[in-house]
1. Express in Å², to the nearest 10, the accessible area of ILE58 obtained by rolling a 1.4 Å probe over the protein heavy atoms while all chains stay in place.
2. Keeping all protein chains in the complex and leaving out DNA, RNA and ligands, what accessible area do you get for ARG194 with a 1.4 Å probe, in Å² to the nearest 10?
3. For region 72-177, what's the radius of gyration and Dmax over Cα atoms, in angstrom?
4. Helix 161-182 versus the longest principal axis of the chain: what angle, 0 to 90°, nearest 10, using Cα atoms?
5. Please compute the net charge surrounding PRO148, taking Lys and Arg as +1 and Asp and Glu as -1 over other residues with Cβ under 12 Å from its Cβ.
6. Ordered by residue, what ³J(HN,Hα) values in Hz, to whole numbers, does region 114-126 give under the Karplus form 6.51 cos²θ - 1.76 cosθ + 1.60, where θ = phi - 60° and Gly and Pro are x?
7. Given a 1.4 Å probe, how much area per residue of the chain is accessible, in Å²?
8. Please list GLU43, GLU118 in order of solvent-accessible area, largest first, computed with a 1.4 Å probe with all protein chains present.
Amino acid sequence: MTSRDRSEGRAETPDRGSASERIEAVALYALVFICGAVLMSAEMVGSRILAPYFGSAIFVWGSLIGVVMVALASGYYIGGRVADRYPAFTVLCGLVGAAGLFLLVMPAFSNSVCGAIEETFTGPRAGPLLASIVLFLVPGILLAMVSPFAVRLSARDLSSLGNVTGRLYALSTGGSIIGTLGTAFVLVPFVGVRALVFVLGMTLLLTASAGIAIVWREKLRGPKYAA
């Protein structure tokens, strides 16, 4: 190898690393945004899932909001611990895929769950609360784990940690806003409840699959990911 070839090889390395970093950032930001949107969309559509059995009283909305808040607190805590132990983008995609699979199969058992709970708990409070826990706690925790996991993967040094954290949580909140408004004003009226839950699950599964595909493509090209 000539000195010119060696110098060209050295010149190509930063460009490849820079391109890999940009791909990583775009994939991670897209994942955070989509998961924020799906989480709030699932909460909104949850009210329509519970309504035929428990009505639309304040107890239903209180149950859904309370369960989602518990899921967020639990997911943030668990996500931070898991991210420190397994800081890999493929692990994050696995969590997103698991949430997508749960939502994908939810229409198959949501009616049975709500019907059984309605027959067992006749009061207006216990029924919607228990149904919200069974249907939305697990996917809520999995989706809430995304933000602290993304912070762990994005952090390069302590001097920019605050900026990275603020950017990612703002992006997640922006997705939640889009998910809330889009579900309430567009998706539920035009798509329907059962179809929408299926679409949300497929969205997460496809997002997770795309993320894993990107990781392996970059790995074959000499990535910095640890799969």
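1. 130
2. For ARG194, solvent-accessible area is about 130 Å².
3. 17.1, 56
4. With both axes taken from Cα atoms, the answer is about 40 degrees.
5. So the environment of PRO148 carries a net charge of +1.
6. Working through the residues one at a time gives 5, x, 5, 5, 4, 6, 7, 10, 8, x, x, 9, 5 Hz.
7. Per-residue value: 51 Å².
8. Largest accessible area first, the list is GLU118, GLU43.
The values are calculated or read from the model by the stated rules, or taken from the named source; none is laboratory data. All values reported here derive from a predicted model rather than from experimental measurement. No Cβ is skipped: glycine too gets one built from the backbone with ideal geometry, and neighbour counts run over all protein chains shown. Surface areas here come from the heavy atoms of the whole protein model, side chains and all, with no ligands, DNA or RNA. Shrake-Rupley method; radii C 1.70, N 1.55, O 1.52, S 1.80 Å.
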